[in-house]
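Step one of this worksheet: look at the structure below.
The values are calculated or read from the model by the stated rules, or taken from the named source; none is laboratory data. Values in this document were obtained by computation on a predicted structure and should not be read as measured data. We place every Cβ from the backbone using ideal geometry, glycine too, and count neighbours over all the protein chains shown. All accessible areas refer to the heavy atoms of the entire protein, side chains included, with ligands and DNA or RNA removed. Shrake-Rupley method; radii C 1.70, N 1.55, O 1.52, S 1.80 Å.
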Amino acid sequence: MKSVFVAVLTILSLSLQAQTLVKGRVMEKKKPIEGASVALKDTYDGATTDKEGYFRFRTTEKGVFILTITSMGYKPFEQSIELKAGDSVEVNALLKEEITELTAVTVTAGTFEASDKKKVTVLSSIDIVTTASGNGDVTEALKSLPGAQQVGESEGLFVRGGTAQETKIFIDGTLVNNFFFSSMPNIAARGRFSPFLFKGTVFSTGGYSALYGQALSSALILETIDFPDQSAANLGVSVIGLSGGFQQLAKDKNSSWGLNYSYSNLAPAFAVIKQNQDYFQIPVFHGADGNFRIKTSKTGILKYYTTLSTSKLGFTTNSIDSVGYKDLFGLENFNVYHNLAWKEKLGRKWKIDIGTSYTNNKDDINSGMRDAQDKDILLTGLEFKDYQLKLRGNYFNAKVVLEKRLVGLSALRFGSEYNHSTDKTTYTDFNGNKYPGTISENLNALFAEADIYITNAIAAKVGSRMEHSSLIDKTNLAPRVSLAYKTGKQSQASIAYGLFFQTPENRNLPSAFPLTFSRAAHYIAQYQKVTSDRTLRAELFYKKYDDLVKTGLGSGSQFQALNNEGFGDAKGFDFFWRDKKSIPNVDYWISYSYLDTKRDYLNFPGAITPNFAAKHTASFIIKKFVTKLKTQFNGAYNFATGRPYYNIAYDGQNNKFNITDQGKTPAYHNFSFSMNFLPNIGKEKAKSFPVYVLSISNLFNVRQVFGYQYSYNGIRKQPILPTSRMFVFIGAFISFGVDRTDDVINSNL
């Protein structure tokens, strides 16, 4: 036995003498790197560093070899070493940080991003439309995020003390001029575009990129999808209409085309759900869209998208100006939109994006009064309520962006934008007198912006934008800068500053007085922590307005824009928390905003809180899919404290405006619910995918007051209410060829 033991020791000793010991330490400056992989190239010999960065292993290889050391987030390390039997080699390596998309900080101040690719995404693209209170509308869903106000009497996004006109919407880089259906008195219009047209959504509540302009408060940046997964067809039937479509993907998957059509008639819904308006023309909508996409190379794609929509409606409401009579409003709209975009990588780290869009919009508006027997009538002193208005708009937008990738993730991009608009109006008064008018604008812009990644932990976005408006013959220069610092593996802090300009709105034009750009300065500080299951985000903001338009009695005794002596500010705090982990199979988020804002603009007698701004807003969204029932349940609760309202009247004797009455609306509450039954989910070889949908807005029938309107003489006032307290939607949708149940579910929530 003893002889065997001695023999083993002898063999082990000889074996060790035939090996080489490789040892050392891996560091980043003075910090040890744990878990780094150390190996001899083209062999199986190697080791992993311990928590102090040390490694050691033995090898029987002999000769000159390359020692490689790799660790995520660091550039690979290689060193040539010579191996001799019985010898030892020591290598102490200093790794350098590598800036990558996986590890680098991202500039996020002021921006919520909905995309399936970005690692700092707060909401996925599907979340945008799986919000019960969103009613399948992109902008309605975004109102569940902090910073956006719950304004129900007008379409658009009111963000951090800004008006809806101060938020601009872009599709594939170009400005969209008629994103919403045409406005109606005290009724919020829906967006024209399907949420599933878009694969990415960036909702910037401030401090947005220099590539975008003409928005004092906010930018909503939408990117259309590229190719469908496969050819498919769909059919939808609901209580208010029909829809159908087809999408063809070429066999080589290098091109696709598609057509969709929808028809909506609200008569069945209005027959059951009482409306505050008395409709003599039930709203009828026709919508059609088409698309074509083709790969122009391995890295390039050309996308074309077009929509055509028409609508017709007419209603009366009890007149506040003359008791016993009714106000009449009629609207016919025709809208065509084209968008053509091309992206291509040019080589040598250059990339080009070109986008163009054209919109033709026609509105025919009819206003008047009717008596109790619904006969048209002209009342003395109220002749101004009897008119016809024809609006004809043509809008062309084009943008080119060149990008040069620099070291790591750093990049430089620059380009130009051109926006042309022509708005023609023909106003016909009660006597048949016509007053035509035209407003034309040519806005040219140059911009440049750089992404600068100093390390994985520190990054900056620095840019500037210059614009010239032919309408007011003025030029502006808007610097913007954002900084981000990684405070932990999953957390970061960001700050942002920028100037933002906007030309006067058409409703204040033309003016006999010289006007200039309105201006807003944004200051934002943000902290964010994002894991795969939870998101925490907090943001402080301050926004200062200058050169806002003031209106008054000008030449010819006409109320018009007088100057840019208006001003204001907005400051507050936003909070967002999302949790997919704490409650099994439940996804929920909470958002809260505090807003303190005042402004002196238009006919305001001084700096006051505008009637679209609530001090506190909050939302709670919850989603759950019950597999056993094959049913998805969604709930949403939106809250806002009361908003101020005013009656601002002109005092001709003292030539100024005064507040003759004011107050605050009741707090806003809205609980929405939806459920969707998917009978074929999980079935193998299913050829069709039906979805049955039920959704209810304002489930508890809470009385919601959006504001108050006053009679022309200020004697009477009445609340501005939703068209109905509650709305119920029931529908069935079937997709063929590919499972589009998610689309159907989400587009009708």
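Considering helices alone, the calculated mean residue ellipticity of the chain at 222 nm is -1500 deg cm²/dmol, with DSSP H runs of length four and up weighted by -39500 (n - 2.57) and normalised per residue. Computed with a 1.4 Å probe over protein heavy atoms only, the accessible surface of the chain comes to 47 Å² per residue.
Extension gain Leu477-Val237, at 0.36 nm per residue separation less the Cα-Cα distance, in nm?
Numbers: separation 240, 0.36 × 240 = 86.40 nm, distance 5.14 nm.
Using 0.36 nm per residue and subtracting the Cα-Cα distance, I get 81.3 nm.
When you work out D = kT/(6 pi eta Rh) for region 221-348 at 20 °C and 1.002 mPa s, using the Kirkwood radius from C-alpha pairs as Rh and the Stokes-Einstein form, the result is 119 µm²/s. Each Lys or Arg adds one and each Asp or Glu subtracts one; over the other residues with Cβ under 13 Å from the Cβ of Tyr594, this totals 0.
So how tilted is helix 2-17 from the main axis of the chain? Cα-based, degrees 0 to 90, rounded to 10. The angle comes out near 60 degrees.
For Val481, Val530, Val26, give the ranking by accessible area with the largest first, probe 1.4 Å.
On the way: Val481 50, Val530 30, Val26 0 Å².
Result, largest first: Val481, Val530, Val26.
With all pairs of different C-alpha atoms in the average, the Kirkwood value for the hydrodynamic radius of the chain is 29.4 Å.
Taking the centroid of alpha carbons for each part, region 166-196 and region 669-740 are 19 Å apart. Couplings 3J(HN,Hα) for region 562-575, derived from phi with the Karplus relation 6.51 cos²θ - 1.76 cosθ + 1.60 (θ = phi - 60°), are 9, 6, 10, 8, x, 7, x, 8, 8, 9, x, 9, 10, 9 Hz, where x marks Gly and Pro.
Peptide packing: for 188-198, 648-658, the average count of neighbouring Cβ atoms within 10 Å per residue gives the ranking 188-198, 648-658, highest mean first. Accessible area per residue was computed with a 1.4 Å probe on protein heavy atoms; Trp577 scores about 70 Å². Remark on Ser231: its backbone amide H falls under 5 Å from those of Leu249, a criterion applied only to residues 5 or more positions apart or on other chains, H modelled at 1.01 Å from N.
Note on region 171-311: with neighbouring protein chains present and a 1.4 Å probe, carbon and sulfur make up 60 percent of its accessible heavy-atom surface. Here the accessible area is traced with a 1.4 Å probe on the protein chains. For region 638-729, carbon and sulfur cover 53 percent of it.
Computed 3J(HN,Hα) for region 239-253, one whole-Hz value per residue from the Karplus formula 6.51 cos²θ - 1.76 cosθ + 1.60 where θ = phi - 60°, is 5, 10, x, 10, 8, x, x, 9, 10, 10, 10, 4, 4, 7, 6, glycine and proline marked x. Computed over protein heavy atoms with a 1.4 Å probe, the carbon and sulfur contribution to the accessible area of region 468-624 reaches 58%.
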